[in-house]
Amino acid sequence: MKHILQRLYHHETLSQTEAKEVLLRITQGEMNPAQLASFLTVFLMRTITIDELIGFRNALLERCIKVSLDGMDSIDIVGTGGDGKDTFNISTLSCFVVAGAGYKVTKHGNYGSSSISGSSNTLEHLGYQFTNDVDTLKRQLDKANICFFHAPKFHPAMKSVAGTRKELGVRTFFNLLGPLVNPCTPSHQLFGTSSLGISRLYQYVMQASGKQFSIVHALDGYDEISLTGNVDIRNNQGQHIYSPSDFNQATLQPKQLQGGETQSEAVRIFKDVLNGKGTEAQENVVCTNAGMAIHTIKPQQSILDCIAEAKEALRSGKALQVLQRIT
């Protein structure tokens, strides 16, 4: 490990194979806390390479508790977080809308690290029971079109780095890995990123994977389609810039997306939207993101038709029924 650190101190980068081997050794406890903190700091001082990110991802996928869906298509909708915008749970709500529209959703998530309420916080407060029992998850997927992979249940190897990450108190490359290590490796993924740099990294990684994907980054910093301005979208077909009007939506103000100051407020907003009691702005931003997820599954269908499909799932109560079936 000292040799690896010395190389990194001299501004060398790791090959994909080396990155995978190093992270496997780290998750087996072969780096002491001081070495691990130093290793993580290297990637705070420079940009992680594509090979390093893929190697680290492959290591975590090898060590995780895997879920086989026997070839069934599904989609994950997940943001990298870290945008500092304190929005309500847009991506998680979008998952329920997409499931309500009849598509299989395999959501990977965790407790919030930089927001009031992450996906796990909200679902836990709503009564969802975290599990890594594959049969239970498959039953939920059959019954409700959705199941939830609470990251700590599926990545026990991460315990070896949890203490150091907490003591550092800053976002590290592990935050980039979360959206890339869904234990069922879904056939489709919609990512939200907090910077164009991360969007480019994800684009290269997903192009190499051969899977269907969309990556969204609002140019004013949101890791989702915020409708507060233009959004950069990358997918298997290329890269595009969209304005709110391209989605037939009005431009929103940041205050219209606020998620509240407490966990209870975040849960109230979540329930209000699913019950049809959310604001017009909340409904529009959720359905636009859900529509983009549907468009990722069915790129031949226009984005406007996909948004309309999402709105029908929300307004008809089908999205609410999804929640009721798993809690």
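Structure notes:
- When the C-alpha to C-alpha distance is required to be over 25 Å, the pairs from LYS104/LYS318; LYS20/LYS298; LYS85/LYS138 that qualify are LYS20/LYS298; LYS85/LYS138.
- C-alpha long axis of helix 159-168 to longest principal axis of the chain, angle in °: 90 degrees
- Folded to 0 to 90 degrees: helix 90-100 orientation relative to the chain principal axis, Cα: 60 degrees
- Ascending count of other beta-carbon atoms within 10 Å, so fewest first, for SER302, SER117: SER302, SER117
- The Kirkwood hydrodynamic radius of the chain, based on inverse pair distances between different Cα atoms, is 20.0 Å.
- Lys/Arg +1, Asp/Glu -1 at C-beta; region 78-181 dipole; positive extreme among GLY100, ASN175, ASN121: ASN175
- Listed residues GLY118, GLY29, GLY229, most fluctuating in the chain (Gaussian network, C-alpha, under 10 Å): GLY29
- Fewest-first ordering of CYS306, CYS184, CYS287 by other beta carbons within 10 Å of each residue's beta carbon gives CYS184, CYS306, CYS287.
- Per-peptide average of other Cβ atoms within 10 Å, ordering 230-238, 55-63 highest first: 55-63, 230-238
- Ranking of GLU12, GLU30 by count of other Cβ atoms within 10 Å, fewest first: GLU12, GLU30
- Largest GNM mean-square fluctuation among LYS277, LYS166, LYS85, using the chain with Cα springs under 10 Å: LYS166.
- Helix-only arithmetic for the chain: the sum of -39500 (n - 2.57) across DSSP H runs with n ≥ 4, divided by the residue total, places the mean residue ellipticity at 222 nm at -15000 deg cm²/dmol.
- Helix 263-274 axis, angle to the chain major axis (alpha carbon atoms, nearest 10°): 50 degrees
Bear in mind these aren't lab numbers, they're just calculated from the coordinates by the rules spelled out. These figures come from a predicted structure and were not determined experimentally. Neighbour counts run over all protein chains shown; Cβ positions are idealised from the backbone, glycine included.
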